[in-house]
Amino acid sequence: MSATRTPRTTRPARAPLQTAHRLALLESMLRIRRFEERCVELYSAARIRGFMHLYIGEEAVAVGVNEALTDDDAVVSTYREHGHALARGVPAEAIMAEMFGKVTGCSRGRGGSMHLFDAGRRFYGGNAIVGGGIPLAAGLALADHMTERNRVTCCFFGDGAFAEGEFHETANLAALWGLPLLLVCENNLYAMGTALARHQAETDLALRAAGYGMVSWAVDGMDVFAVEDAARRAAEAVRAGSGPHFLEMHTYRFRAHSMYDSDRYRDKREIEHWKERDPVEGLARRMQEAKKLTKKARTAMEDRLSAEIDSAVEAAEQAPEEPVEDLLKYVTSPVEASRP
């Protein structure tokens, strides 16, 4: 097999200082924030059920990384994946319907909050198993490597997943085989309720990942420009054939681990300290100070997003549930089902 890969056109690099680009990033992050805030309201009213893990506070990571990917690249996510899916372009209506368990959801209502999936957008799912998506991402990257398709597979996971064997096995094989894999660790300092220093002897995760022979560096995950720049450089290097790259995103979730979490393991002052670095409001404030965002433009943006989410909720409420007679569909493939 030839080691040469056919180059393909990527999304053109966009200067972060351009006002239009800044506005697009802000709107993408706000979409995630407002969508999840609405989900909290719906969950509290028992209109959304099951487990739900919020991404509030980490929006810059999903938005910045996805800006660096092409439509032909693949994304593999975690159970905290609403932000990843929205940033990837999965419609809010399809995600909300999935939250409601309706057949019009992106996973036909069978997955709920933790199992969003959209093959058409090459979004290969949330995964309820900690670290479970990492070897799946390696498989996608291996397929592209073997067929000489010039694509990147981006895999998101948390600092808790870094402790799982799947990460270390995958990191070793990806580096050994030179797979086109971008590993993005969202280090929000807590694996559920366990602080990073309580489960990792060495808390510099980028340093540890570098031990597998892959390029690794840490990034300010609360700055969408820093995230986009790092992700773009890493993705371009991976696409050029330099093997897997690892990005440690220093970020923070403002909400508890899940809706069932009492969040008693964190000091409230710590949460407030991180909120001062809110990636959404921080960007809005900087744009306002630079006279690049007016109150009128911010209001119009909020109104658009509110209408979009209102429409998604209304569509989800009116959508049908899957018929009982269809419950066994998709459990086995037609080929398997036809075997004696």
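The values are calculated or read from the model by the stated rules, or taken from the named source; none is laboratory data. Small disclaimer: the values here were computed from a predicted structure and weren't measured. Counting neighbours? That spans all protein chains shown, and the Cβs are built from the backbone with ideal geometry, glycine included. The accessibility values were calculated without ligands, DNA or RNA, using every heavy atom of the protein model including side chains. Shrake-Rupley method; radii C 1.70, N 1.55, O 1.52, S 1.80 Å.
Share of the stretch 237-317's accessible area from carbon and sulfur, percent, 1.4 Å?
Working: 2170 of 4410 Å².
Here it works out to 49 percent.
Once you have a ≥ b ≥ c as the square roots of the Cα gyration tensor eigenvalues for the stretch 212-340, tell me rounded if a/c is under 1.5, and otherwise prolate or oblate according to whether a/b is larger than b/c.
Cα axes put the stretch 212-340 in the oblate bin.
First check a/c for the stretch 148-262, with a ≥ b ≥ c the square roots of the eigenvalues of its C-alpha gyration tensor; if it is under 1.5, answer rounded, and if not, answer prolate when a/b is larger than b/c or oblate otherwise. Let's see the in-between values first.
Values: a/c = 2.07, a/b = 1.54, b/c = 1.34.
Here the stretch 148-262 falls in the prolate category.
Once whole DSSP H runs in the chain are found, which of them have Cα atoms spread over 24 Å or more along the helix axis and a mean Kyte-Doolittle score of at least -0.5?
19-44
Quickly rank 140-146, 64-70, 263-269 as a protection proxy: mean count of other C-beta atoms within 10 Å, highest first. Each step should come with its number before you reach the end.
On the way: 140-146: 19.4, 64-70: 24.0, 263-269: 10.9.
Top of the packing list down: 64-70, 140-146, 263-269.
Give me the net charge for the shell around residue 201: Cβ to Cβ below 15 angstrom, other residues only, Lys and Arg +1, Asp and Glu -1.
-1
For residue 295, list the lysines whose Cα falls under 29 Å from its own Cα; do not include residues on the same chain fewer than 8 positions away.
List returned: 275.
Quick one: grab the alpha carbon gyration tensor of the chain, order the square roots of its eigenvalues as a ≥ b ≥ c, and give me rounded if a/c is under 1.5, else prolate or oblate depending on whether a/b is larger than b/c.
It comes out rounded by the Cα gyration axes.
So what's the gap between the Cα centers of the stretch 133-203 and the stretch 82-103, to the nearest angstrom?
24 Å
For the chain, report the accessible area per residue in Å² (1.4 Å probe, heavy atoms, rounded to an integer).
46 Å²
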